[in-house]
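The values are calculated or read from the model by the stated rules, or taken from the named source; none is laboratory data. Predicted model, so just to flag it, every value in this text is computed and none were measured. Neighbour counts are summed over all protein chains in view; Cβ atoms, including those assigned to glycine, are modelled from backbone coordinates with ideal geometry. Just so you know, the surface numbers come from the protein's heavy atoms only, side chains and all, with ligands and any DNA or RNA stripped out. Shrake-Rupley method; radii C 1.70, N 1.55, O 1.52, S 1.80 Å.
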Amino acid sequence: MDFSKNLAQKAGENLKKIREQKPLIHNITNFVVMNYTANVLLAVGASPVMAHAQEEVEEMVSLAGALVLNIGTLSLDWIESMIKAGLRANRLNIPIILDPVGSGATTFRTTSVKRLINELSINVIRGNASEILSIAKKESGTKGVDSIHGVDDASGAAVELAAELGSTIVITGEVDFITDGQRTFNVYNGHPMMGRVTGTGCAATATIGSFLAVDRDPVTASATALAYFGLAGELGAEKSRGPGSFMVESLDALFNIGETELQKNARIEEGGRK
Amino acid sequence: MDFSKNLAQKAGENLKKIREQKPLIHNITNFVVMNYTANVLLAVGASPVMAHAQEEVEEMVSLAGALVLNIGTLSLDWIESMIKAGLRANRLNIPIILDPVGSGATTFRTTSVKRLINELSINVIRGNASEILSIAKKESGTKGVDSIHGVDDASGAAVELAAELGSTIVITGEVDFITDGQRTFNVYNGHPMMGRVTGTGCAATATIGSFLAVDRDPVTASATALAYFGLAGELGAEKSRGPGSFMVESLDALFNIGETELQKNARIEEGGRK
Amino acid sequence: MDFSKNLAQKAGENLKKIREQKPLIHNITNFVVMNYTANVLLAVGASPVMAHAQEEVEEMVSLAGALVLNIGTLSLDWIESMIKAGLRANRLNIPIILDPVGSGATTFRTTSVKRLINELSINVIRGNASEILSIAKKESGTKGVDSIHGVDDASGAAVELAAELGSTIVITGEVDFITDGQRTFNVYNGHPMMGRVTGTGCAATATIGSFLAVDRDPVTASATALAYFGLAGELGAEKSRGPGSFMVESLDALFNIGETELQKNARIEEGGRK
């Protein structure tokens, strides 16, 4: 495989910028992953805040370098807060990333995602293959929040969806796929153990959020963030004996990976332009 | 003690089935344990989903192999969601397990549990001795969510309650007690450190939920699940130096215990039929 | 530095009392830290309960040794529950500690904190320097939930605020500062890694809550609790290689620190009376 040296270098640079700037990342996310997401963002070097009250989301997002929306344990009033925060973010040109957890599993999730997409300008959508297919109105069907499709099943739909929405679409899986409808990237970093711990997808989304705060090209921000997050998974898996120690070790790895180490080990492949 | 070889074998078989079928387990549970519960279910081999919105619980539970209801941080609208999901589960013959966290500590908890029991057909209720006594209308009184009674204080009431409700009642403690009003089982696996980590009771409930998805006899499902969960506690305690490392090691153990290992080490005693 | 032997001894005594009495600590706290806070309180030796429904908070707090209020993921109805629980606690003379997470970051947080302070008699307020300054109406400004001020910037304002409110004010940071407006204490235990894990401030607040349940002098309760919590951070940092292992090791340390060990290592300095 021919990995991009430019993007590996970019990965290191983005990580360095985050650690220098410590951007505030505003998360409106689900109850399951709040603690883990906050710890991941701290390990990355960002400054996480979780705030969902309609009374404060506009003010909070104004201070942020990026807004992370995640519907993992959605309810109607939280969707309203996401819209409020998102509209303000759009006005202030603050990047938004959406994690459509379980889209396709219930009508409520699918329609909520579509509402967010319709009312907001969203820079990046990161999901598994089933979630992305459900948004692209292709054959959907998921089992709860776990994908029943492979990344390859959804990459074509992702390219079309990206072009249609003007968003970057990210499908994570064995190999991660990133596209803005024109450019496509594959990220080969990662480890199967990441699927055995809850919230790794959500944490990957938040990590992309922190990269968006320092890199306004959503395609390179997403690819470099996933190379970094995947590398931490690889290093964590090496030292662990199961999902409990994997969580501990991969959090330590996120914290300890330096810019040079990331640059050496980022495995990002540039696909041809469409 | 004379442990049942049949049930030890059943434990291994149930675990194998979960890992083959990866049943979706729908949890409407408390904020404290959501992350831990999801990770436990993933380590077991099931596929967890947390969803509480009234707009989606009926659709979500329809996809599930079992429904786990837990009132640990209850509020009125979540109880409504539990009722909605539970009624649909009943109609579809999907097993329900209830964790009456803190029942007896406040009137709101006690009456909410009674409402769930009255309106739903619940297959298994798992609590500590104080919680079970509060449901059985026996002398109650708990200290918050911790039991002030031993399992033996409540086993008689549990047998009566099981017969009255047509449910399986599970009391966890030093020795776990399981009864459907006729049969009684004791499970001797477990470790005192399990009481020093939050959410082990809730995670035991969810683990039983995943066993219910593959074993429709709620008594054997509960006993075999608790043998497995308790064995993971034993193995975790051996390798740990406190509650932090215990959580990590017991999660690793849940993941690593094989069917054969479980079959060899499950310590389930069949009591006489009543 | 001249550390107080009396307060080091008091620290050991307070810890011993908690482990003997296992006081129930009622938390109305944020979603991010609920699990971690409960595990910290269990490691300390207390009995945590999380309950926020307006239907039960008055009854729950009546059973408690202390009430912990934390606005980290506040919403209007949770503030109402805090008021309800707090009024009952005041009537029953149960100590209250408030964690004004992110006060100063949004108007909603600042006004909610002021409402809690106006309507309740609060024994201890623990925050970072920016949060305390925002309450003292001094130059505020925070970055989300992280402080942009040092402890020294806020200690003068804290002394005034303590005198004005009749509360003990605690500012945690590199050196922790505690004052009731007359007496001032500095606590030197702690480690920078504590700032790289989410919820350590919130967990410190809850730990003070458990000390308040056995020591009705809020200044000594706060100082001794922070010496203990900080010592666990020191011991955890020694054994860890990043924030993941730090969380595990510091939780183990909280559990394993004995009264004698705490007495030997508590580094509390008494400042002059004002």
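Between B:Arg91 and B:Arg241, the FRET efficiency from the beta-carbon distance, with R0 = 41 Å, is close to 0.25. Here is how the number arises for chain C: DSSP H runs of 4 or more residues each give -39500 (n - 2.57), the sum is divided by the residue count, and the result at 222 nm is -16500 deg cm²/dmol.
Treat each spin label as a single point 7 Å out from the Cα along the C-beta direction, and report the A:Ala163 to C:Ser121 distance in nm. Spacing of the two 7 Å Cα→Cβ label points: 7.1 nm.
Under 1.5 on a/c is rounded, so check that first for segment B:1-119, then, if it is not, pick prolate when a/b is larger than b/c and oblate when it is not; a ≥ b ≥ c are the square roots of the alpha carbon gyration tensor eigenvalues.
Prolate shape, in that a/c is at least 1.5 and a/b is the bigger ratio.
The mean count of C-beta atoms from other chains within 10 Å of the C-beta of residues in A:93-104, rounded to a whole number, is 1. Below 8 Å, C-alpha to C-alpha, sequence gap of six or more: please give me the relative contact order for segment B:64-214 in percent. Across segment B:64-214, relative contact order equals 22 percent.
Using the beta-carbon distance between C:Ile148 and C:Gln21 and R0 = 56 Å, what value does 1/(1 + (r/R0)^6) give for FRET efficiency, to the nearest 0.05? Can you show the working numbers first?
On the way: r = 39 Å, r/R0 = 0.70.
Rounded to the nearest 0.05, the efficiency is 0.90.
Between copies, the label points at C:Glu238 (set 7 angstrom from Cα along Cα-to-Cβ) are spaced 2.8, 2.8 nm, reported in nanometres from shortest to longest.
Residues in the protein assembly as shown average 33 Å² of solvent-accessible surface per residue, probe 1.4 Å, ligands and nucleic acids excluded. Listed values for segment C:49-57 are Karplus-derived 3J(HN,Hα) couplings in whole Hz (6.51 cos²θ - 1.76 cosθ + 1.60, θ = phi - 60°), namely 9, 10, 8, 10, 5, 4, 5, 10, 5, and x replaces Gly and Pro. Rolling a 1.4 Å probe over the protein chains gives C:Arg88 an accessible area of about 60 Å². The amide H of B:Arg267, built 1.01 Å from its N in the peptide plane, has B:Tyr188, B:Asn189 as neighbours under 5 Å, considering only residues 5 or more places off or on other chains.
Could you name every residue in segment C:2-33 that has 20 Å² or more less accessible surface in the full protein assembly than in its own chain alone (probe 1.4 Å, ligands and nucleic acids excluded)? By number: C:Lys22, C:Leu24, C:Phe31, C:Val32. Given a 1.4 Å probe and the protein chains as shown, B:Arg183 ends up with an accessible area of around 50 Å².
Count, for each residue of B:69-80, the Cβ atoms from other chains sitting within 10 Å of its Cβ, then give me the mean as a whole number.
Details: counts 0, 0, 1, 4, 8, 5, 9, 3, 2, 1, 1, 0.
Average neighbour count from other chains, rounded to a whole number: 3.
Accessible-area rank, largest first, for C:Lys5, B:Lys16: C:Lys5, B:Lys16, with all protein chains present and a 1.4 angstrom probe. Plainly put, the tip 7 Å out from Cα toward Cβ on A:Glu174 is 5.1, 5.1 nm from that tip on each other copy, the closest given first.
Got a sec? Which residues in segment B:188-222 would a label at B:Glu270 touch, if it sits 7 Å along Cα→Cβ and we count backbone N under 12 Å? Those under the cut-off are B:220.
Rounded if a/c is under 1.5, else prolate if a/b is larger than b/c, else oblate: which is segment C:224-274, with a ≥ b ≥ c the root eigenvalues of its Cα gyration tensor? Judged from the Cα gyration tensor, segment C:224-274 comes out prolate (a/c at least 1.5, a/b above b/c).
DSSP finds beta bridges in chain A, and of those with both partners inside it, around 35 percent are antiparallel.
3J(HN,Hα) along segment A:7-24, derived from phi through the Karplus expression 6.51 cos²θ - 1.76 cosθ + 1.60 where θ = phi - 60°, amounts to 6, 5, 5, 4, 4, x, 5, 4, 4, 4, 4, 4, 5, 7, 8, 6, x, 6 Hz, with x in place of Gly and Pro.
As a test of reading the structure, rank C:Thr205, B:Thr110 by solvent-accessible area (1.4 Å probe, protein chains only), most first.
Output order, biggest surface exposure first: B:Thr110, C:Thr205.
Counting only DSSP beta bridges with both residues in segment A:39-150, the antiparallel share comes to about 10 percent.
The mean number of partner chain beta-carbon atoms within 10 angstrom of a residue's beta-carbon across peptide A:43-53 is 6.
Each Lys and Arg contributes +1 and each Asp and Glu -1, all at the Cβ; summed about the Cα centre of chain A, the dipole is approximately 160 debye. With θ taken as phi - 60° and the Karplus curve 6.51 cos²θ - 1.76 cosθ + 1.60 applied, the whole-hertz 3J(HN,Hα) list for segment A:265-270 is 10, 5, 10, 10, 10, 7 Hz, x standing for glycine and proline.
Selection among A:Ala223, A:Tyr188, A:Ile125 by position relative to the dipole of chain A gives A:Ala223 as farthest towards the positive end (Cβ unit charges, Cα centre).
Using alpha-carbon pairs under 8 Å, 6+ residues apart, how would you state the relative contact order of chain B in percent?
Once normalised by length, the contact order is 22 percent.
Ignoring ligands and nucleic acids, what accessible area does C:Phe31 show with a 1.4 Å probe (Å², nearest 10)? It works out to around 20 Å².
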